[in-house]
Structures are given as C-alpha cells and as structure tokens.
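J.: I have a structure I would like to understand better, so I am pasting it below and will then ask my questions one at a time.
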Amino acid sequence: APNREMALGSPYMETFKKNGTEVLLLYQPIDEFVMKNLMEFNGRKLLSVESSEASKEHDDKKELPKSPIGDDLVQYLSNALASKVSSVSVTNRLVDSPAVIVDHDSAHYRKMMQMMEQKKMALPKQKLEINPHHPIMKQLHSVQGGQPEIAQLVAEQIFDNALIAADVLDNPRSMLPRLNTILKKCMEGGGATAATEEDDKVEAATSESSGEDTASAEDTEPKAEEQKA
C-alpha cells in the first residue's frame, strides 16, 4: 500500500484488525524485496498479509459457521470466471469485503518485471477467496439462476474489485462499460423505469395541452376578425 491509511483500509487487513494482530506496514517498493530475502526475524517467519498462509491461524481459531451457499458460489464463480481464476475457495479472513485474490505477484514486482523485459506482462489466473456471508455474495447467489446476465456482470466486477484491492488491475478503465451496464440494470430494477415512464407521460400531456391551447387561439382569431368587419 502507498500509505498507512490505504493499508489499514485494505481487505487484507480485516482478519488482523478483527483479531488484534499487529502487522508491519511497509510502503517503499524495496521493502518487498527486503522481506522476501529476510524470510524471518527473531525466529518468526515473515509473511505477506496478501498470502493465503497469513490468515490460516485466525481461520483455525475462530471458524465461522459454514455458509449453506458457500459451495454453490464456489462452483458458480469457478465457471463464470473460468478464464480468470485458477481456483475459488471460501475464507473466513474477510469481514467487510466479498472477495480477495491471494498468492499473487505484487504490483511492485510486476512493474519491475515489465521494466526489465520492456513489455506488458499478461495477468495470470488468480486464486480467489470469497466471503459467502457478505450481502453482495448472498444477492449473487439469489440471482444467478433467474438473472444470469446480471449475475455474470456482478461476478466479473467482484473479481476486478479484488484485483484493484491487490493493485494489480492494469487498466481500470476497462471496467467502465460493465459498470455503466450494472448501474443501468440497478436503476431499471429500482423503480427508476416507472419514474421515467411517468416523466414521459407528463411531457406527453404537456405537449397535448399546448397543442389544444394553440388550436383554441387559432379558432378565436377568425371570430375576432368577423366582429371587426
């Protein structure tokens, strides 16, 4: 993370804040290479909070009740994101976020490799960990059968959000068409369509009324001329 505020607000910090575990915050690109080479300090193994191993101790100690929709979501997302994920699994590390990717190359490492090879690195398939207790995931499970198009859009957005949290999404602008479609779908389902139709009716009624007024004015003009004659 580039600063303390963003580090503390990261989805990767949720399990550690919940359990009161201290985390060493590092902001400089060189810090990652130092930690990887240091490996351990005072007999303690150093792990990135973005690794799948980092939260296992907490997951084992405070395991949440198994979600009845967890397996269904894993299967659905594995299919919906088949070209983007290598695996999907349920995790207890998340509190306020629906999903994260783990065990990925960091943004600093990717940028360094791109500079060395002087070409863009394709993003490999990622390991996705999901929080089936999150409201978005519950809603996704409820619409995947009846509204497959919306479910696919949401699944892809959840994945891209996880890439953003990990700072490995190369071109965030690629999300804009999908986001616009999602916003449109939300507005259509939230009563905005009815409001738009009502606005159209008001406009039509206003146009008709204006037309009637014009006709009335035209009808009265000849009568006025007759009286003058």
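J.: For region 71-108, give me each residue that is at pLDDT below 90 and either among the aliphatic types (A, V, I, L, M) or within 14 Å of ALA151 (Cβ to Cβ) (or both).
T.: ALA107 - this is the single residue of region 71-108 that is at pLDDT below 90 and either among the aliphatic types (A, V, I, L, M) or within 14 Å of ALA151 (Cβ to Cβ) (or both).
J.: Cβ contacts < 9 Å: first residue within 19 Å of PRO11 (Cβ to Cβ), restricted to region 23-43; second residue open to solvent by 100 Å² or more (accessible area, probe 1.4 Å), any location; separation 6+ or different chain. Result?
T.: VAL23/LYS17; LEU25/ARG4; TYR27/ARG4
J.: Next question, about the same structure. Provide a single number: the residues in region 123-152 that are more than 20 Å from MET13 (Cβ to Cβ), touching a residue at least 40 places away in the same chain (Cβ under 8 Å) and open to solvent by 60 Å² or more (accessible area, probe 1.4 Å).
T.: Of the residues in region 123-152, 3 are more than 20 Å from MET13 (Cβ to Cβ), touching a residue at least 40 places away in the same chain (Cβ under 8 Å) and open to solvent by 60 Å² or more (accessible area, probe 1.4 Å).
J.: Is at least one residue of region 54-61 polar (S, T, N, Q) and at pLDDT below 85?
T.: Yes, region 54-61 contains at least one residue that is polar (S, T, N, Q) and at pLDDT below 85.
J.: Does LYS45 count as within 19 Å of LYS138 (Cβ to Cβ), basic (Lys, Arg) and open to solvent by 90 Å² or more (accessible area, probe 1.4 Å)?
T.: Spelling it out, it is not the case that LYS45 is within 19 Å of LYS138 (Cβ to Cβ), basic (Lys, Arg) and open to solvent by 90 Å² or more (accessible area, probe 1.4 Å).
J.: Can you pull out the residues in region 158-173 that are within 22 Å of VAL102 (Cα to Cα), open to solvent by 20 Å² or more (accessible area, probe 1.4 Å) and either of a type in the set (Asp, Glu) or assigned to a helix (DSSP H, G or I) (or both)?
T.: ASN161, ILE164, ALA165, ASP167, ASP170, PRO172
J.: Looking at GLU22, GLU5, GLU50, GLU14, can you tell me which residue is farther than 16 Å from ASP103 by Cα and not in a helix (DSSP H, G or I)?
T.: Checking each option against the conditions leaves just GLU22.
J.: Further question: I need every pair where a residue in region 179-196 that is closer than 17 Å to LEU140 by Cα has its Cβ under 8 Å from the Cβ of a residue that is open to solvent by less than 60 Å² (accessible area, probe 1.4 Å) and modelled with pLDDT of 50 or more, sequence separation at least 6 or different chains.
T.: Correct list of pairs: LEU179/GLN157; THR181/LEU153; ILE182/ILE150; ILE182/LEU153; ILE182/VAL154; ILE182/GLN157; LYS185/ILE150; LYS185/LEU153.
J.: In addition: Starting from region 153-172, keep only residues that are in contact (Cβ under 8 Å) with a residue 12 or more places away in the chain and closer than 17 Å to LEU8 by Cα, then list their pairs with residues that are open to solvent by 40 Å² or more (accessible area, probe 1.4 Å) and outside any helix (DSSP H, G or I) whose Cβ atoms are within a distance under 7 Å, requiring at least 6 positions of separation or different chains.
T.: ALA166/GLU50
The values are calculated or read from the model by the stated rules, or taken from the named source; none is laboratory data. In this text the structure is predicted, and so the values were computed from the model without any measurement. In this analysis, Cβ positions are derived from the backbone assuming ideal geometry, glycine residues included, and neighbour counts consider all displayed protein chains. Accessible surface areas use protein heavy atoms only, side chains included; no ligands, DNA or RNA. Shrake-Rupley method; radii C 1.70, N 1.55, O 1.52, S 1.80 Å.
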